[in-house]
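The structure appears below as structure tokens.
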Amino acid sequence: MEAGEIIEQLGEQLVELESRPQDADLLNAVFRGYHTIKGGAGFLGIEALVAVCHRTEDVFNVLRQGERVIDAGLMDVVLNAHDVVTSMVDSIAQGMEPEPADQALLDRLTELAVPAGDTAPEGAEGGGATPPQTPAPEAPPVEAQVADKAEPDPQAAGDDTMEEDEFEALLDQLHGSGAPGGAPDPQAREAAPAPAAAETSPASSDEITDEEFEALLDQLHGKGAPGASASAGQAQVPAAQPDPRTEPAPKAEPAAASEPKPDSIKVTTPPPGQRDEARTGQKKTAVPQGETTVRVDTSRLDDIMNLVGELVLVRNRLTTLESVHADEHISMAVDNLDLVTSDLQMAVMKTRMQPIKKVFGRFPRVVRDLARNMNKEITLKLVGEDTDLDKNLVEALSDPLVHLVRNAVDHGIELPEVREKAGKPRNGTIVLSAQQEGDHILLTISDDGAGMDAEKIRRSAVEKGMMDMEAARRLSDHECYQLIFMAGFSTKTEISDVSGRGVGMDVVKTKINQLNGTLDVESELGKGSKIIIKVPLTLAIMPTLMIKVGEQVFALPLGSISEIFHFDQADTKYIDGKEVILIRDVALPLYHLRKWLARPGACQEDMTGGGHIVVVKVGGKQVGFVVDKLLGQEEVVIKPLGALLTGTRGMAGATITGDGRISLILDVPGLLQSYASGM
């Protein structure tokens with residue numbers, strides 16, 4: 001679980017690093033991420049994962065020291081390595097042994113881990129799949145292994161150091177001094193001089209090499225070579241020969257030399273409070289903190305949400321009964337139940353909420369790779385990443401948003417040369433934003449690209465046989481933009497691996513409709529386009545308008561309703577054989593629901609007066625549903641249809657109303673499609 005979170009964060013940081021190559025904090029964060037994964041993999045003996053993480057870590061160590069610069073080619077290799085690490089962690093999560101990384105990738109990482117202008121160390125090519133058990137002569141600098149404490153270094157900004165008491169403990173360990181039993185002697189620590197003030201003879205045997213020091217740092221932080229013992233925090237001091245090419249580390253006199261020298265000692269890192277005390281000389285009072293989070297299986301949250309849904313149904317039933325049996329005490333009890341149920345419903349919904357960042361986090365890499373393949377220069381801006389919505393929606397929105405973002409890169413943003421000729425900056429911009437509006441989430445994907453050509457869309461629709469020329473001419477520009485969501489529609493003349501086949505956008509619309517959401521398009525030729533998605537916060541409980549058609553009661557999702565009018569047959573007109581009504585000088589198509597939803601006997605009745613027109617929005621256009629009666633608003637719990645009704649077009653599910661009856665929940669887009677096709 002922790003490795004998955006680190007990898008997800010690394011994916012975002014790597015793409016960000018390409019645009020901010022001089023950010024030392026970001027370089028250190030990436031380095032620490034791979035170092036942490038390598039340490040965990042080494043503890044578990046997963047050598048294939050250790051190998052690729054170790055080499056990637058070496059690359060970032062060279063970058064941190066300023067010995068190599070970040071460019072697109074280097075990032076291609078690093079991102080490829082990141083994909084391999086992600087695949088390995090996924091395999092481990094599924095209980096499978098990961099496949100070793102491709103040797104060509106490991107060799108390329110090894111080449112990049114050498115400072116620019118230098119040659120690769122001898123024996124680097126064809127290097128083994130795992131790092132050596134003992135420190136190699138050409139190990140990275142000491143600072144590369146310390147991930148938790150940072151202090152600027154004259155040679156490399158952001159290198160890590162450690163506190164004096166920890167350094168003295170390492171020297172005690174190296175020279176075998178300490179309290180009997182392997183625990184460091186506090187008195188010996190106090191007696192030992194600070195390493196900065198220690199003056200020893202060059203001929204002293206107390207010198208340690210960079211390799212020994214590096215290994216000790218790994219032991220201090222619990223990171224050893226693969227297969228190293230992890231029992232009780234004990235660490236064996238490795239035997240390493242001094243390297244004449246490296247600078248000797250600071251020297252210090254061994255403390256408590258008269259005490260016995262154990263073979264191994266316990267090395268512990270003081271808690272942050274004690275490190276602060278060592279720096280300031282003041283003792284701080286430790287405040288114990290308990291766990292503030294707990295991991296819960298999502299199936300349990302689903303069960304709780306289902307129970308809350310049943311409670312909502314009971315509340316609706318009691319509210320109906322209360323209106324029949326007028327009693328003050330019953331009314332007070334029902335009002336209290338209504339308040340508690342609403343609060344409980346909101347609290348349970350919040351437990352299922354996840355930030356939209358779970359979806360947004362993947363797009364910087366998607367845009368970066370697509371832009372590089374298409375030779376485009378694109379900046380992606382993410383807005384409102386902390387907006388929360390139901391976890392089921394987070395998962396369901398992932399694929400539709402990928403289609404829309406890829407479409408913006410391919411169709412929207414022009415090539416740099418084309419943008420320059422049009423007086424635009426070479427670098428295009430795509431903005432992906434999310435915000436909450438009442439009980440809905442508003443998602444927008446906008447770009448400053450070429451925009452949509454309504455006339456070109458009309459011609460393409462006619463050429464593909466989707467409509468005749470006369471019908472295409474009557475479409476407004478806004479209605480033309482909706483044609484991009486029709487199956488098989490595409491304005492691309494060349495087919496690529498990104499677009500041109502006419503599939504994808506129709507899938508997006510279908511998926512958004514299944515989520516009881518709406519999809520709209522705004523565009524201006526030469527200036528860019530914007531696609532707006534509106535989905536409910538949750539799929540479990542839905543606010544609806546209860547309507548009556550014939551003798552049946554149906555639930556119409558409230559989110560798709562724009563307005564309601566009284567219906568009078570005398571106000572209707574016919575255009576091209578279709579019944580419409582003029583509302584604010586706009587012809588609104590009318591559909592009589594009782595002709596399709598009521599029993600055959602009721603369909604013969606002529607409703608010349610009365611009834612209502614419910615104006616609903618479908619795919620950017622509005623239509624009117626003629627219903628017999630309005631019963632009011634009600635929050636309903638969506639229940640799946642039975643086996644005989646599953647897949648029925650125009651039906652989204654069923655619910656139990658306040659009077660105890662079963663009502664069907666209408667699927668507006670499916671209902672319109674079914675009605676218009678004569679089903």
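Please treat every number below as a calculation from the coordinates, not as lab data. Computed from a predicted model, the values in this text were never measured in an experiment. No Cβ is skipped: glycine too gets one built from the backbone with ideal geometry, and neighbour counts run over all protein chains shown.
The table below gives the values:
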quantity: Alpha carbon convex hull of the range 541-676, projected area averaged over orientations, nm²; calculated: 8.7
quantity: Rounded if a/c under 1.5, otherwise prolate or oblate - the range 355-536, Cα gyration tensor axes; calculated: oblate
quantity: Cα gyration tensor shape of the range 2-131, rounded if a/c is under 1.5, else prolate or oblate by comparing a/b with b/c; calculated: oblate
quantity: Amide H within-cut-off set for Asp453, under 5 Å, with H built and near neighbours excluded; calculated: none
quantity: Loop trypsin sites (Lys or Arg not before Pro), the range 387-427, which have at most 14 other Cβ atoms in a 10 Å radius of their Cβ (DSSP); calculated: Arg426
quantity: Listed pairs Lys530/Lys617; Lys421/Lys621; Lys456/Lys509 exceeding 28 Å between Cα atoms; calculated: Lys421/Lys621
quantity: For the range 562-570, Karplus couplings with θ = phi - 60° (6.51, -1.76, 1.60), whole Hz, Gly/Pro x; calculated: 9, 7, 9, 10, 6, 9, 9, 4, 5
quantity: Sequence of Lys573, Lys38 once ranked by neighbouring C-beta atoms within 10 Å, starting from the fewest; calculated: Lys573, Lys38
quantity: 5 angstrom amide H check on Val623, placed H, neighbours 5+ away; calculated: Val616, Val618
quantity: Karplus 3J(HN,Hα) series, Hz, for the range 351-358 with 6.51 cos²θ - 1.76 cosθ + 1.60 (x for Gly, Pro); calculated: 5, 8, 6, 9, x, 5, 4, 4
quantity: Dipole magnitude of the range 298-352, debye to nearest 20 (Cβ charges: Lys/Arg +1, Asp/Glu -1, about Cα centre); calculated: 320
quantity: Relative contact order %, the range 535-577, counting alpha carbon pairs below 8 Å whose residues are six or more apart; calculated: 27
quantity: Burial ordering of Arg315, Arg372, Arg20, fewest other beta-carbon atoms within 10 Å first; calculated: Arg20, Arg372, Arg315
quantity: Order of Thr429, Thr292 under a 10 Å beta carbon neighbour criterion, fewest first; calculated: Thr292, Thr429
quantity: Under Karplus coefficients 6.51, -1.76 and 1.60, residue-wise ³J(HN,Hα) of the range 456-462 in Hz, glycine/proline x; calculated: 5, 5, 4, 4, 5, 5, 5
